[in-house]
1. Choose one answer from GLY25, GLY225, GLY81: the residue with the largest mean-square fluctuation in a GNM of the chain with alpha-carbon springs under 10 Å.
2. Within the chain, what is the number of lysine pairs with alpha carbons under 21 Å apart, leaving out pairs fewer than eight places apart on the same chain?
3. Charges at C-beta only: +1 for Lys and Arg, -1 for Asp and Glu. How large is the resulting dipole of the chain about its Cα centre, in Debye rounded to 20?
4. Could you run the Karplus curve 6.51 cos²θ - 1.76 cosθ + 1.60 with θ = phi - 60° over the stretch 133-145 and give me ³J(HN,Hα) per residue in whole Hz, x for Gly and Pro?
5. Just grab the label-to-label distance for ASP96 and GLN178, each label 7 Å out from Cα along the Cβ direction, in nm (one decimal).
6. Between THR34 and residues 5 or more places away or on another chain, which pairs have amide H atoms under 5 Å apart, with H built 1.01 Å from N, and which residues are they?
7. Which residues' amide hydrogens lie under 5 Å from the amide hydrogen of GLY232, considering only partners 5 or more residues apart or on another chain, with H built in the peptide plane?
8. Below 8 Å, C-alpha to C-alpha, sequence gap of six or more: please give me the relative contact order for the chain in percent.
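Values quoted throughout were computed directly from the atomic coordinates according to the rules given, and no laboratory measurement underlies them. All values derive from a computational prediction rather than experimental measurement. Reconstructed Cβ throughout: ideal geometry from the backbone, glycine too, with neighbour counts over all protein chains shown.
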Amino acid sequence: MRSFAPVFLSAVVAWLELAGTAQGGNFYQDTEMTWGDGRGKVVDGGRGLDLTLDRTSGSGFQSKSEYLFGKIDMQIKLVPGNSAGTVTTFYLSSHDDEIDFEFLGNVSGEPYTLHTNVFTRGQGQREQQFRLWFDPTTAFHTYSILWNPQHVIFAVDGTPVRDFKNHEARGVAFPRTQPMRLYASLWNADDWATEGGRVKADWSKAPFVASFRGFSADACVWDGGRQRCPEGTMEAAAVAGAGSGRGWWNQQLSDMSYRRMRWVQRKFMIYNYCADAKRFPQGVPAECKLR
C-alpha cells in the first residue's frame, strides 16, 4: 500500500461522502447517446449497446456520471472484417485530462492496433501502441482503466499493458484533480487510422458495427461538487477509523502483474513515445526516465 501526503488526504476527505457508489450494468440507466442521429442503440434490454458507422456519420455515447478515481471496465467486440479507416474508442475525459483506449481498424485478416494515451493539463503525446494477441472481433473482451491517485493502469482481459505513474514530485503532471466522464464512439478516421491514411474505409462494407456490454464503474462519483466514493475506499476507511481500504484505491502492480505487463510490451508493443528520439530531439519526456 502506498502512503499519500497528509495534505492531499485531508483535502480529499473534506469532500467525501460515504454513501454512493457507481456500479454499471444497464446502458439505459448508466449512459446516454451523444451523437449519431440514431446510429447508436441500446440492445438486449439494456445489457448491451451497439454503435454504427456509415458514410454519413458515426455514433457515440457517454456515462451519465462523472468519476474522480475508480476502476472502469467495458466489454467490447470490435468491427469485424475489413475495418480499415474505422476507430472505436473507450476513454475518460475532462476539460484538460484524458485517459484513452482507441482501436484502429485494419483490412481483413490484419491485426487491430490498440492505441493508448494519457493527457494531463491538455498535453498528450504519450502514445503507446500494441498489436492485440487475439482477434478482438469474434468475441467480447474486457478493457479496463484503473485510475487512482498514484497510477493509471490499462488492462486487457485482466492483463496490464501500461502503467502511467504519478511522478508529480518530479515535475510530471498527473490526472488527479478533475472529474472525468466515460465516452465511447465509433467514427471514420481513414485520413490517418490505417497505415497513416494510405488505406481508406471500404464503404461497400458499411454499416460498420462495434458492440459494447458489461459496463462497470466501481468508482468515486462527482456529484454537485462533492466526491461520493464506495464504502471501503481508503478515504472512507480513514473517516470511519478503519484500517483497510478498497482494492483499486491502493492498487499497484504486483511483481507478477509487472512481469506480465513487460511480456506484453516486449512481444506486442509497436510504438512507445519514450523510445522516439526523432520525435523528441531535445530528450524524451521526464516520466520516461523514471520508474
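1. The residue that fluctuates most here is GLY225.
2. Values: LYS41/LYS64; LYS41/LYS77; LYS41/LYS205; LYS71/LYS165; LYS77/LYS205; LYS165/LYS289; LYS278/LYS289.
Count of close lysine pairs: 7.
3. Numbers: 32 positive and 31 negative charges, 172 e Å.
That gives the chain a dipole magnitude of about 820 debye.
4. So the J values, rounded to whole Hz, are 8, 8, 8, x, 9, 9, 7, 6, 10, 9, 10, 10, 10.
5. 0.7 nm
6. Correct list: GLY60, PHE61, GLN62.
7. ALA237
8. Details: 674 pairs, mean separation 80.7, N = 291.
That works out to 28 percent.
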